[in-house]
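Take a look at the structure set out below.
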Amino acid sequence: MKKLNIFFLLCLTMAMALVSCSDDVPDPIDPVRTYTNTVFVYMPWTGSETSASGSLTNDFRKNLRDIESTIKQGNGNTETRTIVLFADSSARSRLFEVRDDSTEYTITNLSDGAMTTEVELRNLLNSVADYSHTDTYSIIVGSHGSGWLPAGSRPFETRSFGGTTAGMQTEIKALANAITSSNIGKMQYICFDDCYMANIETAYALRNATNWLLASTSEVMAEGLPYYTIWKYLSEPNADYSGIIDGFGNYYSNSYGAFSAIDCSKAEEMATLMKQLNEKYAGWDYDLSTIQALDGYRSHVYYDMGDYINKVCGNDTVDNKAIYNERKEIVPYKFTTPRIYTVYQGSYTFPVRTFSGITISDPSINPTALQYKESTDWWVATH
């Protein structure tokens, strides 16, 4: 009997020791943590179906290293879970979580590098929501971009957002519908680390899919957003939009760049005001060359919205003041350098003499813009 008791005590002691040791090893599947927020970093394939030419994969790898480094150093919010979709070809991508120690825990491997359709995007978003049950979600999209222009349209070798060919590109409406029909429902913010996405047409199209739109009116340098500097603001459950824009501005102050935080909840009010202006000033004559353009295309697509409205309203101070106040509300945070760089037309820089933080294509006479702009939700709502 005594031997049995001793044996029992030995077994119990060993079991307790094993339990104590296991406490030192984190659960490889689901560490004990209460998360309230998810940031989904979406980096799809940015080349073509068959080529890596034009791909931003190497730039994305650096962006990802910066994100992982700042998380490891404790500069990310501890209530936020970071999920990444990273594609290294048109036919292969990996969905994974970035852990506190910067390790990547694979959730699933996918035989697709770019989820370009509404159904594909919705399924992907549902996978994120199924893995990470939180109160709020945000998405950062790293890719090429050409604003509201449809997939396959090329005013000068541009893209809606995605890769270098139409088959690798995604329509803004497909993204909006995928979000609203997914288990996520609505994003806290959509951040485009892409060119030309800070326009009223895109903001209006995404008004039901996100509270905020973070994007550039112009071209984004290949280095992309300074994640090492601004991740702490992006990862907040209530994102610090002022901090994001200030961080971008500090990083690019001696280079070239523009970035804005757009409150999409104000898009409907802006549309109502623009409809009134379009009715009042129908046929109004203005000199297009005097309006601030914010793209590098030979025939411009993206004009500064504030400057355009000022030209339309002319000396009508009442309308000017009303629309000015609304613009300040829809774009409360913005930054631009004195000059903007463009790779088009052999690459050059152009001066920015006025900047409202958001563009509009209403005045554009670019053939591609003329072909498609009247089919946008924004145009329909304001004309």
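Quick check: anything in the stretch 102-118 touching a helix residue (DSSP H, G or I) at 6+ places or on another chain (Cβ under 8 Å) and under 16 Å from W231 (Cα atoms)? Taking every residue of the stretch 102-118 in turn, at least one turns out to be touching a helix residue (DSSP H, G or I) at 6+ places or on another chain (Cβ under 8 Å) and under 16 Å from W231 (Cα atoms). Residues in the stretch 344-359 that are more than 25 Å from I323 (Cβ to Cβ) and among the aliphatic types (A, V, I, L, M): none.
Quick grid of which residues meet (1) out of contact with any Ser or Thr (no Cβ under 8 Å at 6 or more places or on another chain); (2) without any contact (Cβ under 8 Å) to a residue 40 or more places away in the chain; (3) surrounded by fewer than 23 Cβ atoms within 10 Å (Cβ to Cβ):
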{"residue": "A203", "(1), (2), (3)": "yes, no, no"}
{"residue": "A215", "(1), (2), (3)": "no, no, no"}
{"residue": "G243", "(1), (2), (3)": "yes, yes, yes"}
{"residue": "N250", "(1), (2), (3)": "no, yes, yes"}
{"residue": "D263", "(1), (2), (3)": "yes, no, yes"}
{"residue": "E268", "(1), (2), (3)": "yes, no, yes"}
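Give the residue that is farthest from P332 (Cα to Cα), with candidates limited to residues of the stretch 229-246 that are of a type in the set (S, T, Y) and outside any loop (DSSP other than H, G, I, E, B). Among residues in the stretch 229-246 that are of a type in the set (S, T, Y) and outside any loop (DSSP other than H, G, I, E, B), the one farthest from P332 (Cα to Cα) is T229. Close Cβ contacts (under 8 Å, 6 or more residues apart or on different chains) running from residues in the stretch 101-130 that are closer than 15 Å to V41 by Cβ and without any contact (Cβ under 8 Å) to a residue 40 or more places away in the chain to residues that are part of a helix (DSSP H, G or I) and among the polar types (S, T, N, Q) comprise S102/S69; I107/S127.
Are there strands (runs of 3 or more DSSP E) fully within the stretch 281-383 with at least 1 residues that are closer than 24 Å to L225 by Cβ, out of contact with any Asp or Glu (no Cβ under 9 Å at 6 or more places or on another chain) and modelled with pLDDT under 95? List them.
Details: elements: 333-336, 339-342, 348-351.
Filter on the stretch 281-383 gives 348-351.
Considering only residues that are hydroxyl-bearing (S, T, Y) and farther than 16 Å from Y137 by Cβ, look in the stretch 219-238 and name the one that is surrounded by the most Cβ atoms within 10 Å (Cβ to Cβ). Going through the qualifying residues, I end up with Y227.
What about N123, is it over 24 Å from T210 (Cα atoms) and outside any strand (DSSP E or B)?
So N123 does not fit the description; no.
The values are calculated or read from the model by the stated rules, or taken from the named source; none is laboratory data. It should be emphasised that the depicted structure is a prediction, and the values quoted were computed from it without experimental measurement. Cβ coordinates were reconstructed from backbone atoms using ideal geometry, including for glycine residues, and neighbour counts include every protein chain displayed.
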